[in-house]
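Here the structure is laid out as C-alpha coordinates; the discussion comes afterwards.
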Amino acid sequence: MRYLLFLHLLGATVWVGGHLVLLLGILPGALRSRDVAPVRGFEAIYERIGIPALLVQIVTGVWLATLWLAPSQWLSDVPVAHLVQAKLVLLAMTALLGVHARLALIPRLDGQRLPQLGVHIVLITLTAVAFVWVGTGFRYGGLF
Ligand code: HEM
(Lines give C-alpha, C1' and ligand atoms only; values in the text may rest on other atoms or scores of the structure.)
Protein backbone atom coordinates (compact mmCIF):
# COMPACT_ATOMS: atom_id res chain seq x y z
CA MET A 1 0.00 0.00 0.00
CA ARG A 2 1.48 3.28 -1.11
CA TYR A 3 0.68 5.33 2.05
CA LEU A 4 2.37 2.72 4.21
CA LEU A 5 5.50 2.75 2.05
CA PHE A 6 5.45 6.56 2.11
CA LEU A 7 5.41 6.59 5.92
CA HIS A 8 8.12 3.91 6.01
CA LEU A 9 10.38 5.96 3.76
CA LEU A 10 9.65 9.18 5.69
CA GLY A 11 10.56 7.44 8.97
CA ALA A 12 13.71 6.05 7.33
CA THR A 13 14.89 9.53 6.32
CA VAL A 14 14.52 10.76 9.90
CA TRP A 15 16.14 7.72 11.56
CA VAL A 16 19.05 7.29 9.14
CA GLY A 17 19.54 10.99 8.43
CA GLY A 18 19.60 11.88 12.12
CA HIS A 19 22.24 9.28 12.90
CA LEU A 20 24.40 10.32 9.93
CA VAL A 21 24.26 13.95 11.11
CA LEU A 22 25.28 12.84 14.60
CA LEU A 23 28.11 10.60 13.34
CA LEU A 24 29.54 12.84 10.62
CA GLY A 25 28.49 16.31 11.74
CA ILE A 26 28.61 16.34 15.53
CA LEU A 27 30.73 13.50 16.86
CA PRO A 28 34.10 14.41 15.24
CA GLY A 29 34.19 17.89 16.82
CA ALA A 30 33.01 16.56 20.19
CA LEU A 31 35.76 13.91 20.15
CA ARG A 32 38.42 16.46 19.20
CA SER A 33 37.48 18.74 22.10
CA ARG A 34 36.49 15.86 24.46
CA ASP A 35 33.31 17.81 25.09
CA VAL A 36 30.07 15.89 25.62
CA ALA A 37 27.83 19.00 25.42
CA PRO A 38 27.23 18.95 21.61
CA VAL A 39 26.34 15.24 21.71
CA ARG A 40 24.01 15.72 24.69
CA GLY A 41 22.42 18.77 23.01
CA PHE A 42 21.79 16.83 19.81
CA GLU A 43 20.39 13.79 21.65
CA ALA A 44 17.98 15.97 23.66
CA ILE A 45 16.45 17.43 20.48
CA TYR A 46 16.72 14.36 18.27
CA GLU A 47 15.19 11.95 20.78
CA ARG A 48 11.78 13.60 20.43
CA ILE A 49 11.80 13.07 16.64
CA GLY A 50 13.92 9.92 16.31
CA ILE A 51 12.06 7.63 18.72
CA PRO A 52 8.64 8.29 17.12
CA ALA A 53 10.28 7.75 13.71
CA LEU A 54 11.63 4.36 14.85
CA LEU A 55 8.17 3.41 16.14
CA VAL A 56 6.70 4.37 12.75
CA GLN A 57 9.35 2.13 11.10
CA ILE A 58 8.41 -0.83 13.26
CA VAL A 59 4.63 -0.50 12.73
CA THR A 60 4.79 0.22 8.98
CA GLY A 61 7.63 -2.30 8.47
CA VAL A 62 5.82 -5.18 10.14
CA TRP A 63 2.64 -4.22 8.25
CA LEU A 64 4.47 -4.10 4.89
CA ALA A 65 6.14 -7.43 5.68
CA THR A 66 2.73 -9.07 6.17
CA LEU A 67 1.78 -7.84 2.68
CA TRP A 68 4.83 -9.62 1.24
CA LEU A 69 4.55 -12.79 3.25
CA ALA A 70 2.16 -14.28 5.83
CA PRO A 71 3.77 -14.17 9.31
CA SER A 72 3.70 -17.99 9.43
CA GLN A 73 6.23 -17.92 6.53
CA TRP A 74 8.61 -15.36 8.05
CA LEU A 75 10.98 -18.05 9.33
CA SER A 76 10.89 -20.06 6.10
CA ASP A 77 13.72 -20.32 3.56
CA VAL A 78 12.39 -18.19 0.66
CA PRO A 79 14.37 -15.03 -0.33
CA VAL A 80 11.72 -12.57 0.93
CA ALA A 81 11.66 -14.35 4.31
CA HIS A 82 15.45 -13.83 4.55
CA LEU A 83 14.87 -10.10 4.10
CA VAL A 84 12.21 -10.02 6.83
CA GLN A 85 14.55 -12.01 9.10
CA ALA A 86 17.38 -9.57 8.40
CA LYS A 87 15.09 -6.64 9.28
CA LEU A 88 14.13 -8.31 12.55
CA VAL A 89 17.78 -9.06 13.45
CA LEU A 90 18.65 -5.40 12.76
CA LEU A 91 15.72 -4.35 14.93
CA ALA A 92 16.99 -6.53 17.78
CA MET A 93 20.48 -5.01 17.38
CA THR A 94 18.97 -1.51 17.43
CA ALA A 95 17.08 -2.31 20.64
CA LEU A 96 20.17 -3.80 22.33
CA LEU A 97 22.36 -0.85 21.35
CA GLY A 98 19.67 1.57 22.54
CA VAL A 99 19.23 -0.10 25.91
CA HIS A 100 23.01 -0.35 26.38
CA ALA A 101 23.47 3.35 25.59
CA ARG A 102 20.59 4.40 27.83
CA LEU A 103 21.55 2.30 30.84
CA ALA A 104 25.34 1.98 30.64
CA LEU A 105 26.80 4.84 28.58
CA ILE A 106 24.69 7.99 28.78
CA PRO A 107 24.25 8.18 32.59
CA ARG A 108 28.04 8.14 33.15
CA LEU A 109 29.04 10.05 30.04
CA ASP A 110 32.07 12.32 30.30
CA GLY A 111 34.92 13.42 28.03
CA GLN A 112 36.95 10.31 28.78
CA ARG A 113 34.13 7.91 27.96
CA LEU A 114 33.13 9.80 24.79
CA PRO A 115 35.10 7.44 22.47
CA GLN A 116 33.04 4.53 23.84
CA LEU A 117 29.87 6.37 22.90
CA GLY A 118 31.52 7.09 19.53
CA VAL A 119 31.89 3.34 18.85
CA HIS A 120 28.24 2.95 19.79
CA ILE A 121 27.20 5.75 17.40
CA VAL A 122 29.19 4.10 14.56
CA LEU A 123 27.43 0.77 15.23
CA ILE A 124 23.90 2.21 15.43
CA THR A 125 24.48 4.24 12.24
CA LEU A 126 25.79 1.16 10.38
CA THR A 127 22.71 -0.72 11.59
CA ALA A 128 20.46 2.11 10.33
CA VAL A 129 22.16 2.12 6.91
CA ALA A 130 21.88 -1.70 6.78
CA PHE A 131 18.10 -1.35 7.31
CA VAL A 132 17.98 0.71 4.10
CA TRP A 133 20.11 -1.80 2.16
CA VAL A 134 17.94 -4.73 3.25
CA GLY A 135 14.85 -2.61 2.42
CA THR A 136 15.98 -2.20 -1.19
CA GLY A 137 16.24 -6.00 -1.40
CA PHE A 138 12.45 -6.40 -1.49
CA ARG A 139 12.29 -4.63 -4.84
CA TYR A 140 15.38 -6.46 -6.19
CA GLY A 141 14.51 -9.93 -4.91
CA GLY A 142 17.23 -10.65 -2.35
CA LEU A 143 19.89 -9.46 0.06
CA PHE A 144 22.58 -8.90 -2.60
C1 HEM B 1 14.94 2.26 11.09
C2 HEM B 1 14.48 1.16 10.58
C3 HEM B 1 14.17 0.94 9.12
C4 HEM B 1 14.62 1.62 8.01
C5 HEM B 1 15.56 2.81 7.95
C6 HEM B 1 14.00 0.99 6.85
C7 HEM B 1 14.19 1.39 5.53
C8 HEM B 1 13.60 0.81 4.43
C9 HEM B 1 13.77 1.24 3.04
C10 HEM B 1 14.65 2.40 2.58
C11 HEM B 1 13.02 0.43 2.25
C12 HEM B 1 12.96 0.46 0.73
C13 HEM B 1 11.59 0.73 0.21
C14 HEM B 1 11.49 0.61 -1.31
O15 HEM B 1 11.85 -0.42 -1.87
O16 HEM B 1 11.07 1.57 -1.94
C17 HEM B 1 12.35 -0.49 3.15
C18 HEM B 1 11.48 -1.46 2.74
C19 HEM B 1 10.88 -2.37 3.59
N20 HEM B 1 11.06 -2.49 4.95
FE21 HEM B 1 12.10 -1.28 6.13
N22 HEM B 1 13.21 -0.06 7.28
C23 HEM B 1 13.30 -0.12 8.67
C24 HEM B 1 12.66 -1.02 9.49
C25 HEM B 1 11.89 -2.06 9.10
C26 HEM B 1 11.29 -3.03 9.98
C27 HEM B 1 11.42 -3.09 11.50
C28 HEM B 1 10.60 -3.89 9.19
C29 HEM B 1 9.82 -5.07 9.69
C30 HEM B 1 10.08 -6.30 9.36
C31 HEM B 1 10.74 -3.43 7.81
C32 HEM B 1 10.17 -4.02 6.68
C33 HEM B 1 10.28 -3.55 5.40
C34 HEM B 1 9.55 -4.12 4.26
C35 HEM B 1 8.56 -5.29 4.29
C36 HEM B 1 9.93 -3.38 3.12
C37 HEM B 1 9.44 -3.57 1.69
C38 HEM B 1 8.38 -2.52 1.42
C39 HEM B 1 7.76 -2.63 0.06
O40 HEM B 1 8.39 -2.22 -0.93
O41 HEM B 1 6.64 -3.14 -0.02
N42 HEM B 1 11.54 -2.31 7.79
N43 HEM B 1 12.73 -0.25 4.46
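The values are calculated or read from the model by the stated rules, or taken from the named source; none is laboratory data. Note that the structure is a prediction, hence the values are computed from the model and not measured. Here the Cβ positions follow ideal geometry from the backbone for every residue, glycine too, while neighbour counts run over all protein chains shown. Accessible surface areas use protein heavy atoms only, side chains included; no ligands, DNA or RNA. Shrake-Rupley method; radii C 1.70, N 1.55, O 1.52, S 1.80 Å.
Roll a 1.4 angstrom probe over the protein heavy atoms and tell me the percent of accessible area of the chain that is carbon or sulfur.
Using a 1.4 Å probe with all protein chains present, the chain comes out at 73 percent carbon and sulfur.
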Charge-dipole axis of the chain as Lys and Arg at +1 and Asp and Glu at -1 on Cβ define it, positive-most pick from 83, 38, 63:
38
Over the chain, calculate the relative contact order: mean separation of alpha carbon pairs under 8 Å at least 6 apart, over the residue count, as a percent.
34 percent
Accessible area (Å², per residue) of the range 7-144, counting only protein heavy atoms and a probe of 1.4 Å
58 Å²
Short to long, in 10 Å steps from zero, the percent of alpha-carbon pairs of the range 62-129 per bin is 19, 37, 23, 16, 6
Let me spell out the model: positive unit charges on the Cβ of Lys and Arg, negative unit charges on the Cβ of Asp and Glu, origin at the Cα centre of the range 7-115. What dipole size does that give, in debye rounded to 20?
300 debye
Once the Cβ-Cβ distance between residue 9 and residue 77 is put in as r, and R0 is 22 Å, what FRET efficiency do you end up with, to the nearest 0.05?
0.20
10 Å-binned pair-distance histogram of the chain (Cα, whole percent)
11, 40, 29, 16, 5, 0
Place a point 7 Å from Cα of residue 35 in the direction of its Cβ. Which residues in the range 115-139 have their backbone N less than 14 Å from it?
none
